[in-house]
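The values are calculated or read from the model by the stated rules, or taken from the named source; none is laboratory data. Note that the coordinates shown come from a computational prediction; the quantities given were computed from them, not determined experimentally. Ideal geometry is used to build each Cβ from the backbone, glycine not excepted, and the neighbour counts take in all protein chains shown. When the accessible area is computed, the model is the full protein with side chains, heavy atoms only, and any ligands, DNA or RNA have been set aside. Shrake-Rupley method; radii C 1.70, N 1.55, O 1.52, S 1.80 Å.
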Amino acid sequence: MAGGSTSSGTKAALSLIGKRFASSLLTLFLVSVTIFVIAQLLPGDAAQEALGQSATQEQVAALRHEMGLDRPAPVRYASWLAGMASGDPGQSLVANMPVAEVISSRLPNSLLLAALTALVAVPVALAIGIGSAMNRGGRLDRALNISTLSMVAVPEFLVATIAVLIFSVKLRWLPSIALVSDEMGWGDYLRGAAMPILCLSIVVIAQMARMTRAAVIDQMDRPYVEMAVLKGVAPVQVVLKHIMPNAIAPIVNAMALSLSYLLGGAVIVETIFNYPGLASLMVNAVTSRDMPLLQACAMIFCAAYLILMLIADVTAILANPRLRAQ
């Protein structure tokens, strides 16, 4: 009976994960359509941007034909989507080189920035969220609540401005612009990227800490936790042995949601600090109307967001037997 029940639960979990995966693929397809349509609605194009305002209509038309911009939109979409599916996002209209090469020069910088931000933000947020929950209603909880709520309410550009004012202008500890390169050692890189990491971490920590606190408090109200407390189990052991294993799914969900914020926040932070990452590259692609590059960058951000959400969903399914029964 137990073996049959386990096998049935595994099949249900795999079926549910398969549905989530298929739903993510469908969402990614719809996102590709949306990105392509929005990119086409932007005024101007790469041919006009490349030739400038003084170019004649004949010159612009000739360059559009050479770039393939005069082909029907459905044909260009089908060609672009087929290229994306095969790993070839096309040719950059401005850099005149494969989009994959342009992106490969910036993507490692963005991944490193996101990894370092997560390395700072995740443990701090978990400590704040769990500490706040364990002191629910106390002075520490109220102080952390006010602090995190204030941090969530402040937009990234204001956080960046305040950070520059304090750490660059007043204290002169950190550079106001992220001057990083591949030739730098770790010490120089960390100093150069400290401001973007600090600004991204502040907002991510606030969001993740609030969701972690809510997840832990939800478990603290359960009867099994009350039973453990009545048995005299130490508070730290209650959290580590009883609450955390059951709160892991909502906490992972909170982490995925908060880390997905990095994708949007990075656009602002990389632009402000001139960090050579994928987000600033996408902003430059918008300015120059380099549609293949813009579309590829946007698809990478959307795909990363969907992957994080899929990881959160799979974790929730595996951790919660009730979801497998749906």
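Based on what the data block shows, is Leu26 open to solvent by 60 Å² or more (accessible area, probe 1.4 Å) and among the hydrophobic types (A, V, I, L, M, F, W, C)? The answer is yes for Leu26.
Quick check: is even one residue across the range 238-259 of a type in the set (Ser, Thr, Tyr), assigned to a helix (DSSP H, G or I) and within 17 Å of the chain's Cα centre (by Cα)? Taking every residue of the range 238-259 in turn, at least one turns out to be of a type in the set (Ser, Thr, Tyr), assigned to a helix (DSSP H, G or I) and within 17 Å of the chain's Cα centre (by Cα). Sub-8 Å Cβ pairs linking a first residue in the range 48-75 that is closer than 20 Å to Val37 by Cα to a second residue that is part of a loop (DSSP other than H, G, I, E, B) and open to solvent by less than 50 Å² (accessible area, probe 1.4 Å), at least 6 apart or interchain, are Gln48/Ala55; Gln48/Arg289; Glu49/Arg289; Arg64/Asp45; Met67/Leu93; Leu69/Asp45, ordered by first then second residue. Could you go through the range 274-294 and let me know if any residue there is touching a residue at least 12 places away in the same chain (Cβ under 8 Å) and under 13 Å from the mean Cα position of the chain (by Cα). Scanning the range 274-294, I find at least one residue that is touching a residue at least 12 places away in the same chain (Cβ under 8 Å) and under 13 Å from the mean Cα position of the chain (by Cα), so the answer is yes. When Ala115 is tested against (1) without any contact (Cβ under 8 Å) to a residue 60 or more places away in the chain; (2) within 29 Å of Met255 (Cβ to Cβ); (3) surrounded by 17 or more Cβ atoms within 10 Å (Cβ to Cβ); (4) small (Gly, Ala, Ser), only condition (3) is not met.
The set of residues in the range 269-282 being part of a helix (DSSP H, G or I) and within 21 Å of Leu198 (Cβ to Cβ) consists of Val269, Glu270, Thr271, Ile272, Phe273, Leu278, Ala279, Ser280.
Just one of the listed residues (Ala234, Ala249) is of a type in the set (Gly, Ala, Ser) and either at pLDDT 85 or above or touching a helix residue (DSSP H, G or I) at 6+ places or on another chain (Cβ under 7 Å) (or both), and it is Ala249.
Looking at the range 137-152, which of its residues are surrounded by 13 or more Cβ atoms within 10 Å (Cβ to Cβ) and either under 25 Å from the mean Cα position of the chain (by Cα) or over 22 Å from Val203 (Cα atoms) (or both)? Hits for the range 137-152 are Leu144, Asn145, Ser147, Thr148, Met151, Val152. Among the residues of the range 82-96, are any of a type outside the set (A, V, I, L, M, F, W, C), open to solvent by 50 Å² or more (accessible area, probe 1.4 Å) and in a helix (DSSP H, G or I)? No; the residues of the range 82-96 include none that is of a type outside the set (A, V, I, L, M, F, W, C), open to solvent by 50 Å² or more (accessible area, probe 1.4 Å) and in a helix (DSSP H, G or I).
Given the structure, is Ile17 surrounded by 13 or more Cβ atoms within 10 Å (Cβ to Cβ) and of a type in the set (Val, Ile, Thr)?
yes
For Ala266, the stated conditions do not hold, so it cannot be described as at pLDDT 85 or above and over 21 Å from Asp218 (Cβ atoms).
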